């Protein structure tokens with residue numbers, strides 16, 4: 001699983017930091033259209049993630065689903081590399097979203113199923129290799145692109161993109177996603193990873209107050225946090241930064257994220273999943289508020305370190321909270337629904353709002369609004385989320 005995380009998130013490290021910049025400069029889309037394309041990913045995820053989760057839980061084929069979505073993501077990245085025009089980019093992004101949005105919850109479910117129940121460190125020590133992969137490729141890609149540009153004679157022209165040939169990132173992402181699928185073929189397919197849910201067992205999730213509360217909280221948190229992240233390359237460009245600046249800002253926050261994620265088991269024992277969520281969302285809000293108030297590019301670098309705390313806190317804490325409050329045989333469905341409601345539904349809303357605010361109000365607006373909202377949510381966690389406790393297991397399907 002460590003290798004699956006490495007290759008899968010390595011592909012994400014080539015896609016996520018540069019996609020918004022590619023849409024705006026290379027594809028020539030305005031702020032609102034950029035927001036529309038960025039909203040396609042979570043919107044399609046909203047529709048397909050429950051299907052993947054139920055397929056994994058009802059069949060017990062969690063490892064097989066992980067292989068399938070990795071292969072599909074590889075094809076989606078390849079389609080994005082050759083897509084042309086607004087409509088073509090929307091369609092290619094939609095195809096990629098059918099699979100990519102499910103990779104993380106599927107990988108979480110498999111990792112938790114393979115981890116020993118008495119070892120709180122196992123999940124973080126596997127998941128941290130996703131951060132390592134993200135760091136390696138987000139940091140190395142500008143150098144590779146420079147070499148390709150020199151070899152092909154690609155230079156910026158007036159009115160054109162600052163980084164011609166940026167679609168190379170998506171072609172490389174395709175290869176990495178396919179590598180993740182190859183590795184996932186070797187995962188175990190017996191034991192806890194193959195536990196099957198009974199027909200209609202998913203209805204138990206609708207009766208779980210802690211699960212429903214964390215869904216509502218995740219929705220609100222992603223509305224505040226996701227949009228500013230997806231348009232961050234545009235924000236950096238407006239502050240006078242280059243592609244190297246975008247990449248460079250990811251490096252220190254990922255370097256800090258590595259030990260925080262690797263040691264997340266110790267943090268879980270100390271603060272609990274609910275405490276991790278509170279710390280992560282609060283620090284995410286503080287990061288965006290500081291960005292919105294910054295007047296110079298240099299001021300953006302130190303506050304990006306808070307991203308590591310958000311990942312180790314909220315992004316890991318929410319799935320761990322869900323794992324603690326749902327039956328084991330429903331872990332894939334529950335993780336998929338968490339992603340559907342949080343990063344998908346919340347992401348649709350946040351991306352559209354951030355794109356509109358960026359174009360019509362100002363470059364700082366998405367960061368000021370999202371920052372204040374996330375800080376308030378982080379402070380309210382003790383009132384909004386009860387302490388987690390796993391319910392009694394139900395009979396699994398034969």
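Of all residues in region 22-36, those that are touching a helix residue (DSSP H, G or I) at 6+ places or on another chain (Cβ under 9 Å), surrounded by fewer than 24 Cβ atoms within 10 Å (Cβ to Cβ) and in a helix (DSSP H, G or I) total 7. Is one or more of the residues making up region 104-126 closer than 30 Å to residue 40 by Cβ and surrounded by fewer than 16 Cβ atoms within 10 Å (Cβ to Cβ)? No, every residue in region 104-126 fails to be closer than 30 Å to residue 40 by Cβ and surrounded by fewer than 16 Cβ atoms within 10 Å (Cβ to Cβ). Taking the conditions exactly as written (surrounded by 19 or more Cβ atoms within 10 Å (Cβ to Cβ) and either within 25 Å of residue 309 (Cβ to Cβ) or touching a strand residue (DSSP E or B) at 6+ places or on another chain (Cβ under 6 Å) (or both)), does residue 99 satisfy them or not? Answer is no for this residue.
In the set 252, 259, 210, 228, only one residue is part of a helix (DSSP H, G or I) and surrounded by 23 or more Cβ atoms within 10 Å (Cβ to Cβ); that residue is 228. Kindly check whether there is at least one residue in region 260-269 that is over 21 Å from the mean Cα position of the chain (by Cα) and more than 19 Å from residue 310 (Cβ to Cβ). Checking region 260-269: at least one residue is over 21 Å from the mean Cα position of the chain (by Cα) and more than 19 Å from residue 310 (Cβ to Cβ). The single residue among 385, 368 that is surrounded by fewer than 24 Cβ atoms within 10 Å (Cβ to Cβ), closer than 14 Å to residue 227 by Cα and under 23 Å from the mean Cα position of the chain (by Cα) turns out to be 368.
Checked across region 3-16, the condition of being in a helix (DSSP H, G or I), modelled with pLDDT under 90 and surrounded by fewer than 22 Cβ atoms within 10 Å (Cβ to Cβ) holds for at least one residue. For region 53-112, taking the residues that are free of Cβ contacts under 8 Å to residues at least 40 places away in the same chain and part of a loop (DSSP other than H, G, I, E, B), the one that is nearest to residue 15 (Cα to Cα) is identified as 83.
The values are calculated or read from the model by the stated rules, or taken from the named source; none is laboratory data. A quick note: this is a predicted structure, and the numbers were derived from the prediction, not measured. FYI the Cβ positions are ideal-geometry reconstructions off the backbone, even for glycines, and counts take in every protein chain you see.
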